[in-house]
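Working notes, structure below.
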Amino acid sequence: MMGAGKTAVGRALAARLEVPFLDSDNEIEAAANMTIPEIFERDGEGFFRARESEVIARLLDGPPAVLSTGGGAFLSARNRQVISRKGVSVWLDADLDLLWARVRHKDTRPLLRTPDPYGTLKRLFEARVPVYAKADIRVAAEPDYSVEAMAEKVVAALRTRPDVIGG
């Protein structure tokens, strides 16, 4: 979910694991030479989601890295399957109150530019959590965790998967 810490924790995790940090949204924007809102406006969500799946598959074919995807990417069964087959999915599980505290004062969240941003976030949260729960690994986020502490929690969870980073 937006506000869960995908970028901040992902960067800290990548540094800790000494691998590159990749962001599928950034890769899509670079390839298209357009922002994601511009892609949505010009070509529609279906076109964007198809390109997103292609980019995720391509990035997962590369060398080991930490890959952050947009919050909607994991909703696709195709993306979930390719992520689990070529890597491991990690759900940064933050509750609704924590997410709201992190995003409510930011105007960089297009999905929340509605008359009722909290209600919108709540609806997204309720719709997405059952799908996010299908992730290979779940790491609970707490309000008092620093980015580094959360990255360490992810490392500890990944160590339960010797096929990913070893014991």
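Values as computed for the structure displayed
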read-out: Test: residue in segment 62-76 that is more than 23 Å from F47 (Cα to Cα) and among the aliphatic types (A, V, I, L, M); value: yes
read-out: Selected residue (only one of Y118, Y132 is closer than 29 Å to V19 by Cβ and either surrounded by fewer than 14 Cβ atoms within 10 Å (Cβ to Cβ) or among the aromatic types (F, W, Y) (or both)); value: Y132
read-out: Subset of segment 131-167 [in a helix (DSSP H, G or I) and under 29 Å from F40 (Cα atoms)]; value: V131, Y132
read-out: Residues within segment 122-138 that are over 30 Å from G62 (Cα atoms) and in contact (Cβ under 8 Å) with a residue 60 or more places away in the chain, tallied; value: 2
read-out: Residues (over 14 Å from the mean Cα position of the chain (by Cα) and either assigned to a helix (DSSP H, G or I) or among the hydroxyl-bearing types (S, T, Y) (or both)) located in segment 63-83; value: A77, R78, Q81, V82
read-out: Residue match in segment 109-130 (condition: more than 29 Å from E41 (Cβ to Cβ), modelled with pLDDT under 95 and over 18 Å from the mean Cα position of the chain (by Cα)); value: no
read-out: Qualifying residue in segment 26-47 (condition: in contact with a strand residue (DSSP E or B) (Cβ under 7 Å, 6 or more places away or on another chain) and among the β-branched types (V, I, T)); value: no
read-out: Index of the failed condition, K86 passing every other in (1) surrounded by fewer than 17 Cβ atoms within 10 Å (Cβ to Cβ); (2) within 24 Å of I36 (Cα to Cα); value: (2)
read-out: Selection status of A94, within 16 Å of A8 (Cβ to Cβ) and not charged (D, E, K, R); value: yes
read-out: Count - residues of segment 1-33 that are assigned to a loop (DSSP other than H, G, I, E, B) and either in contact with a His (Cβ under 6 Å, 6 or more places away or on another chain) or crowded, with 16+ Cβ neighbours inside 10 Å (or both); value: 5
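The values are calculated or read from the model by the stated rules, or taken from the named source; none is laboratory data. What you see is a predicted model; the values in this text were computed from it and never measured. A quick note on method: Cβ atoms are made from the backbone with ideal geometry, for glycine too, and the neighbour counts reach across all protein chains shown.
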